[in-house]
Each structure stands twice: as structure tokens, then as C-alpha cells.
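Single-structure report; data block below.
The values are calculated or read from the model by the stated rules, or taken from the named source; none is laboratory data. Just so we're clear, the structure is a prediction, and the values are computed from it rather than from any experiment. No Cβ is skipped: glycine too gets one built from the backbone with ideal geometry, and neighbour counts run over all protein chains shown.
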């Protein structure tokens, strides 16, 4: 029996993969999608969606605890961990089913199994039942995602470590004490979840700041917020060793040469992800890659004609990056001429309050020797934030001094993730800080703070006291 032939074969059913398959089908292509585990990849099953589902439960808990401030008397406030996890699982299942429905609606052939390149136009699939299948494709898109980064910490394999794929998102009980290794987005989100559920959380980050890729001012503020909620934050620190001790885990932490030991009930590893590159047939086919991911150009083409790669297998990043790259790869595989623009990519961290950003940080602008102006507006001065009872944080905008074009926007505060797209659009369209400042925003809304920050950058803020402007 001859191998079936497709216009586009996609290996991996995460955000980049399933979107690529759908886009190819929209363009009239016969598409096949190969997935070894669950549709939706890390984002739907072990990342974006389940963490945000649990975080929403935690938000409700925090709001209930503050209800008296709003004149609402609830009596005692408690939570059911089992119900929180069940709700999370139901949301994940619904989204998986939704992806399957979308694929079916576009006529995409879904194949369960592990895909591997045989040649630039052929893929083999190892099926769950042990059988093998070969597929021919005019184009192949690799979207195999990423996996947890494991750290070579002595003793780590001797203790029961929580990860996003193991226990952290489906706990049966809340640990009394928890040490989180990694202070990036994943680490601070888990710190938010577990500290508000009652864990005594310790967060360890090797860089000078938590969320080290974000603006230092946002990092400093978030660190203070986490500390005020009971989280112990170690920066410029590494976990040197862990070992089981009397039913607990003894953790040795080194900070600036000094060592300290603490006992915790659980350890959670949140040290980031690495690309899934193994057993893809990259070497045999000649696809160029490094340990950081598969090499591609702006059309998402690899070094082998007809083979594309998208998402975390290219560079571990964000689900919406994978979405966009999947569309670009599918369009090019179907004969169009599309390119991926990485200059304007919003970033969101779902703590309480949220952190969101787009463009350059203050430190990046300085490193690039850009002469820039800065505007800020605190949510304490926002009427809408006051009515919501969520006044922690601020919006910060950066603009090039000569052209006044916006080069970065940073938010820590309520619904930051919903506010950042306006800033991303402004940057994408090449808007100036004056364009943003002169745009009428509805009142009372949180979005007014973005306008006020822009006004502050040009020295015209209405709802801030008069001050002397300065760059940086």
C-alpha cells in the first residue's frame, strides 16, 4: 500500500502546529497533523491554560477575602482544592475537544503517534499500537514544542519534585512549605498560586532580579508584592543541593558565596524549557539546529527546502509567537510569501497583579544607547482602579526622544494583559507618544492610565502633580 500524500504535514499539535494545519487547510491544502500526546501541546495541557485556570480560582479567593472592604459580608471564606483542580481539568478538556473540532471542520487528518523525518518530503509515524505509517508531503512543518529544563542539582533525583507536568497543576493537597527553583514567569505564577492557598513559599532565582527579562522597575515592584504576601525571595542565588530529611526536603541555597539551609515539604522546578529536538531525524535529513532550537529564516524555513519549523522547537518563547509562526509557515508552504516580524511581541505574566510588556526595557534602551523619554502613571491615581480596589502598580512608557516613537511599554497592575495589546498595536503602527497621548480613552477605565503615562512622557499629564521632566 502506497504512502498517502499531503500538501502539508505538520509534526506536533501544539499552538504552532494545529494553527499551521488549519491555515494550510484554509488555503485549500490537504493537511495532516501528527500528535504523540494531547492536542494543544504544553500551552493547553500543562502551561498557559491550566495555570490561568488555577490563578483565576486564586483571584476569586483573594477577592472573597477582601469582600468586607466593599461592604459585602460573606462569613468564613474557604476553598476546595479538589474543585479547583476539577474546574481546571474541565477547561483543558473543553479546549482540547475544541481544537479537535476545528481540525475536523477544516478536513485536517489527525494522526496519533510520534513523527520523524525520513526525507525532506516524507515522515514516518510510530503509532501507539506499535505499527508504523509513512506519509508523503509537499511541505513539512515541525512544531514539536519544548520540555522542562532539568537542572543538575545534586540530590534532585532523590526527592519528589513538582513540575508543571507533575503534581504542580493537579495537587491533592497544598504543601505547608514549598521551594520554587526559578523566578521567571512560571516560577512567580506558581508562587502566586501556592502562597495564596496557604503555602510558605520560598522563591530562588540565580539572576539579580526575578522575571529577569523584564524591566527592572517591574521586577522590583513584583518582588516587593510577593514579599508582602509572605513569599521569601532569594535573588543572585542557586540551589546547590537537595536531600530528603525526616519526611521533608533539606535545601542548600548559596547566595553571594554564603550558604543557608532550609527545610520544606516540597520542591517545585520552574527553570524554563528546552526544545524537543530528539528523534526528529534532523541530522539524517540535514536540518540545521543548535541546542537552542532549529535554525529558520523569517519565512520559518529551515536549511532544507520544503521543511519549516515553528514555535518552541525554534526558540522557546510564547504561545502567541507559535500561533503567528504557524500561520507564516503554512502560508509559505502553500505558495504565499509571508514573513514573521518579531519586533512587536507582547509578554504577559499572570501574577496578582499582572505584569505585561511590549518592546524594549529601560535597560535594553540604555544598552542600545537610545536617547529616550519616559512617562509613568500609577494606578493609585486611577479612578477605575480605586473603584476596583486594585491600585497596586503603574504603567511606564518609553519613547525615542527625537522621533517620539514608542519603543516600549511596561505595566504592572490590574488586567495588565488586557491593556498591553493597545500598546502593541501602537508600536506596530509606528505611533508616536503624542498619538497615544491624544487618543481619547473612555472614563473611567484602566486604559486611561496608558494615556496618562503617555501625557507624562511629554510633560502634559493632567492627573499627576507638576514635576520636572527627565529622560530615563
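Can you pull out every residue in region 244-301 that is in the same structural domain as residue 204 (by TED's automatic domain parsing), in contact (Cβ under 8 Å) with a residue 24 or more places away in the chain and exposed (fewer than 15 other Cβ atoms within 10 Å of the Cβ)?
244, 263
Is it the case that residue 309 is within 30 Å of residue 175 (Cα to Cα), buried (at least 20 other Cβ atoms within 10 Å of the Cβ), under 21 Å from the mean Cα position of the chain (by Cα) and assigned by TED's automatic domain parsing to the domain that holds residue 49? Let's see the steps before the verdict.
On the way: within 30 Å of residue 175 (Cα to Cα): no; buried (at least 20 other Cβ atoms within 10 Å of the Cβ): yes; under 21 Å from the mean Cα position of the chain (by Cα): yes; assigned by TED's automatic domain parsing to the domain that holds residue 49: yes.
Answer is no for this residue.
Mind counting the residues in region 176-220 that are surrounded by 22 or more Cβ atoms within 10 Å (Cβ to Cβ) and part of a loop (DSSP other than H, G, I, E, B)?
Qualifying residue count, region 176-220: 8.
Any chance region 430-443 includes a residue that's surrounded by fewer than 24 Cβ atoms within 10 Å (Cβ to Cβ), modelled with pLDDT of 95 or more and on the phi > 0 side of the Ramachandran plot?
Applying the first criterion (surrounded by fewer than 24 Cβ atoms within 10 Å (Cβ to Cβ)) to region 430-443 yields 430-432, 434-435, 437-443.
Adding the requirement that they be modelled with pLDDT of 95 or more leaves 430-432, 434-435, 437-443.
After this cut, where a residue has to be on the phi > 0 side of the Ramachandran plot as well, the list is 430.
Scanning region 430-443, I find at least one residue that is surrounded by fewer than 24 Cβ atoms within 10 Å (Cβ to Cβ), modelled with pLDDT of 95 or more and on the phi > 0 side of the Ramachandran plot, so the answer is yes.
Could you tell me whether any residue of region 232-246 is under 21 Å from residue 62 (Cβ atoms) and modelled with pLDDT of 95 or more?
Residues of region 232-246 under 21 Å from residue 62 (Cβ atoms): 232-233.
Pick out the ones that are also modelled with pLDDT of 95 or more and you get 232-233.
Yes, the conditions are met somewhere in region 232-246.
Select from region 214-228 the residues that are closer than 24 Å to residue 365 by Cβ and touching a residue at least 40 places away in the same chain (Cβ under 8 Å) and write down the one among them that is nearest to the chain's Cα centre (by Cα).
Among those residues, the one meeting the criterion is 214.
Give me the residue from region 117-150 that is in a loop (DSSP other than H, G, I, E, B) and in contact with a strand residue (DSSP E or B) (Cβ under 7 Å, 6 or more places away or on another chain) and, out of that set, nearest to residue 240 (Cα to Cα).
Among residues in region 117-150 that are in a loop (DSSP other than H, G, I, E, B) and in contact with a strand residue (DSSP E or B) (Cβ under 7 Å, 6 or more places away or on another chain), the one nearest to residue 240 (Cα to Cα) is 149.
Tell me the helices (runs of 4 or more DSSP H) entirely within region 397-472 that contain at least 1 residues that are touching a residue at least 60 places away in the same chain (Cβ under 8 Å) and over 20 Å from residue 371 (Cα atoms).
Correct list: 416-428, 448-457.
Identify, from the list 55, 74, 117, the residue that is more than 27 Å from residue 34 (Cβ to Cβ) and surrounded by 16 or more Cβ atoms within 10 Å (Cβ to Cβ).
Answer to the selection: 55.
I'd like the full set of residues that are under 14 Å from residue 184 (Cα atoms), in a loop (DSSP other than H, G, I, E, B) and touching a helix residue (DSSP H, G or I) at 6+ places or on another chain (Cβ under 7 Å), limited to region 221-238.
Across region 221-238, there are no qualifying residues.
Taking region 103-114 on its own, how many of its residues are crowded, with 16+ Cβ neighbours inside 10 Å and in a helix (DSSP H, G or I)?
1
Please tell me if residue 161 is touching a strand residue (DSSP E or B) at 6+ places or on another chain (Cβ under 7 Å), within 23 Å of residue 81 (Cα to Cα) and surrounded by fewer than 22 Cβ atoms within 10 Å (Cβ to Cβ).
Against the criterion (touching a strand residue (DSSP E or B) at 6+ places or on another chain (Cβ under 7 Å), within 23 Å of residue 81 (Cα to Cα) and surrounded by fewer than 22 Cβ atoms within 10 Å (Cβ to Cβ)), residue 161 qualifies.
Given the conditions (1) surrounded by 18 or more Cβ atoms within 10 Å (Cβ to Cβ); (2) in the same structural domain as residue 40 (by TED's automatic domain parsing), which single one is not true for residue 357?
Result: residue 357 fails condition (2) only.
Could we say that residue 341 is modelled with pLDDT under 95, surrounded by fewer than 24 Cβ atoms within 10 Å (Cβ to Cβ) and not assigned by TED's automatic domain parsing to the domain that holds residue 138 here?
Against the criterion (modelled with pLDDT under 95, surrounded by fewer than 24 Cβ atoms within 10 Å (Cβ to Cβ) and not assigned by TED's automatic domain parsing to the domain that holds residue 138), residue 341 qualifies.
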